[in-house]
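In what follows, a structure is listed as structure tokens, so that the remarks can point back to it.
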Amino acid sequence: MYEEKITLKLTFPIILLALILLTGLFSVLAQNVIRPIETEISFPKDLNSPDVNFDLQSLGNKKFKLVLEKPNQTLTNVKIYDILGNLILHDKLKPTDGIQKNYDFTHLNSKLFVVEVGNAKYNKTKSIYANPQGSIDRSVTTTTTDE
């Protein structure tokens, strides 16, 4: 009876160890999969997209002009945000659109805009205060107090 307990105590760990070893052996054999060798390297077509340089010019009350430094050769994304970070407009400039485009946001309250221009590789961001320099904002009321 004592010998049976020792045999059972030794048999269970040996069976468990054998299962673990066999499972590990099968997983090693399963990873040896024959794959074709890659001989070509491919790159995206727009990898060599040129850097996009642009300028923003205020045209007056909530209007501005986007001027590209040179004509774009590829489709260029233009995203315009208000000062709170809300996307106002997502525009796409085609190569046939030329080097400048006007934007009019007189229907909005914001006068400060963030403009992001870019292509597949580059993005540049600039901001503009779309109120002419030296003009007074008539929508702001001031009060004076006499003491």
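I'd like the full set of residues that are of a type in the set (Ser, Thr, Tyr) and either modelled with pLDDT under 75 or loosely packed, with under 12 Cβ neighbours inside 10 Å (or both), limited to region 114-126.
The answer is 125, and nothing else.
Modelled with pLDDT of 80 or more and hydrophobic (A, V, I, L, M, F, W, C), is that true of residue 25?
In short, no.
Consider region 99-108. How many of its residues are in contact with a strand residue (DSSP E or B) (Cβ under 8 Å, 6 or more places away or on another chain) and exposed (fewer than 13 other Cβ atoms within 10 Å of the Cβ)?
Number of matching residues: 2.
Write out, first by first residue and then by second, each pair whose Cβ atoms fall under 6 Å of each other, whose residues are 6+ apart or on separate chains, and whose first residue, in region 118-130, is within 18 Å of residue 94 (Cβ to Cβ) and touching a residue at least 40 places away in the same chain (Cβ under 8 Å) while the second is of a type in the set (Ser, Thr, Tyr) and surrounded by 14 or more Cβ atoms within 10 Å (Cβ to Cβ).
Final answer for the pair search is 119/49; 119/74; 119/76; 120/49; 121/49.
The values are calculated or read from the model by the stated rules, or taken from the named source; none is laboratory data. Model, not experiment: these values are computed from the prediction. Here the Cβ is made from the backbone with ideal geometry for all residues, glycine too, and neighbour counts use every protein chain on show.
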